[in-house]
Amino acid sequence: MNAREVAILLAMCLVWGFHFVVIKLAVNEAPPILYAAMRMTLAAALTARFLKWRAGEMAPVLCAGLCLGVFNYVFMFYGVKYATASAAAIAMELYVPFATILSVVFLGDRIGWRRMIGIVLAFLGVAVIALGDQAEANPETRLALGVGLVAAGALVEGVGAVLVKKAEGFKPIELLAWFAFVGMIGSWIMTGLVESNQMQSLGDANKLLLTGAIIYSAVGASIFGHTAYYWLIKRLPLSLVAPSVMLTTLIAVIFGVVLLGDPFGPRMVIGGALVLSGVGVVVLRNARKQEITAPLEEPGAMS
């Protein structure tokens, strides 16, 4: 990589890594799905000009939009609310094993023993973190519940990744626009069905913090992050870019510990090492295969 590519890669990882801190702060100010709805509304407004209806080809895109723009946030944002930001960032790495398993089941992909071992290590690592000592966290944290919800969000994003593979002929920015549009509509419906006292929560919230979080999520994490990712993918081998994105998780953990005071005991070290090593094996093997045979996937954990 040249200096420009390295700079963009590091900026992308920093933006995505800090996003977990932003989410944690935001869901403490407003109901999680309401925050998702406001974030997706801004993202939809900024990408609306890229919406293009393709007759007969929209079913997988709209279904993927439900997965990658609605239900993933229902699980993920509530998960971040109950878990620590650093634990949530590590648990979100399960997106890669889930997407790999689903591609085997629904797309007929085949995996070897190395990826099988990597998948097992990743799930084992998340289990180690989820079963951590509750006393290590603050009284409002319900670690097992939060990590479980984030893992469910990763599974939903894995389903979305499989659906994206069936959406042919769409540019990445078109997909992002449709995910934002579907996410906006679905999230407003979900917050109305699941949450309550939204106006009171907004009245009591730190307006500056919440507004900044919405802008950061929509412009930074969604638009800049994904644009940078696909720019790098077009210029560099996937086997180089995909593993580098794992730096995002390490950055998220550092930010969570330093800025939010997340506990970082032996369980987090052991569990995190297991997850990152397992996911690393899967990512490397997937990337080598995709460069020859497979279309690009939407990077799930940071969308």
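The values are calculated or read from the model by the stated rules, or taken from the named source; none is laboratory data. Values in this document were obtained by computation on a predicted structure and should not be read as measured data. Cβ atoms come from the backbone with ideal geometry, glycine included; neighbour counts cover every protein chain shown. With ligands, DNA and RNA removed, areas are computed over all heavy atoms of the protein, side chains included. Shrake-Rupley method; radii C 1.70, N 1.55, O 1.52, S 1.80 Å.
Residues checked against (1) crowded, with 19+ Cβ neighbours inside 10 Å; (2) under 13 Å from Ala91 (Cα atoms):
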{"residue": "Tyr229", "(1), (2)": "yes, no"}
{"residue": "Leu236", "(1), (2)": "no, no"}
{"residue": "Leu240", "(1), (2)": "no, no"}
{"residue": "Thr248", "(1), (2)": "yes, yes"}
{"residue": "Phe255", "(1), (2)": "yes, no"}
{"residue": "Val258", "(1), (2)": "no, no"}
{"residue": "Phe264", "(1), (2)": "no, no"}
{"residue": "Ala273", "(1), (2)": "no, yes"}
{"residue": "Gly280", "(1), (2)": "no, no"}
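Across region 161-185, which residue is nearest to the chain's Cα centre (by Cα) among those that are farther than 19 Å from Ala99 by Cβ and surrounded by fewer than 22 Cβ atoms within 10 Å (Cβ to Cβ)?
Only one residue fits best here, namely Ile173.
Quick grid of which residues meet (1) at pLDDT below 95; (2) touching an Asp or Glu at 6+ places or on another chain (Cβ under 9 Å); (3) basic (Lys, Arg):
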{"position": "Leu175", "(1), (2), (3)": "yes, yes, no"}
{"position": "Phe179", "(1), (2), (3)": "yes, yes, no"}
{"position": "Ile185", "(1), (2), (3)": "no, no, no"}
{"position": "Trp188", "(1), (2), (3)": "no, no, no"}
{"position": "Ser196", "(1), (2), (3)": "yes, no, no"}
{"position": "Met199", "(1), (2), (3)": "yes, no, no"}
{"position": "Leu202", "(1), (2), (3)": "yes, yes, no"}
{"position": "Asn206", "(1), (2), (3)": "yes, yes, no"}
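Being under 21 Å from Ala85 (Cα atoms) and modelled with pLDDT of 90 or more: is that true of Gly158 here?
Here the answer is no, as Gly158 does not meet what is asked.
In region 1-15, what residues are open to solvent by 10 Å² or more (accessible area, probe 1.4 Å) and among the hydrophobic types (A, V, I, L, M, F, W, C)?
Residues satisfying the conditions are Met1, Ala3, Val6, Ala7, Ile8, Leu9, Leu10, Ala11, Leu14, Val15.
Read through the list (1) touching a residue at least 60 places away in the same chain (Cβ under 8 Å); (2) open to solvent by 40 Å² or more (accessible area, probe 1.4 Å); (3) part of a helix (DSSP H, G or I), then give the number of the only condition that Ser86 fails.
The number of the failed condition is (2).
Of all residues in region 189-216, which are farther than 15 Å from Val74 by Cβ, open to solvent by less than 70 Å² (accessible area, probe 1.4 Å) and within 20 Å of the chain's Cα centre (by Cα)?
Listed by number, the residues that qualify are Leu210, Gly212, Ala213, Ile214, Tyr216.
Does region 51-59 contain any residue that is outside any loop (DSSP other than H, G, I, E, B) and surrounded by 15 or more Cβ atoms within 10 Å (Cβ to Cβ)?
no
Which residues, taken from region 16-42, are open to solvent by 30 Å² or more (accessible area, probe 1.4 Å) and β-branched (Val, Ile, Thr)?
Matches in region 16-42: Thr41 only.
On the given criteria, is Ile119 among the aliphatic types (A, V, I, L, M), touching a Gly at 6+ places or on another chain (Cβ under 8 Å) and at pLDDT below 90?
no
Cβ-Cβ under 7 Å, sequence separation 6+ or interchain: first residue in region 63-75 and open to solvent by 10 Å² or more (accessible area, probe 1.4 Å), partner charged (D, E, K, R). Which pairs?
So the pair list comes out as Cys67/Glu157.
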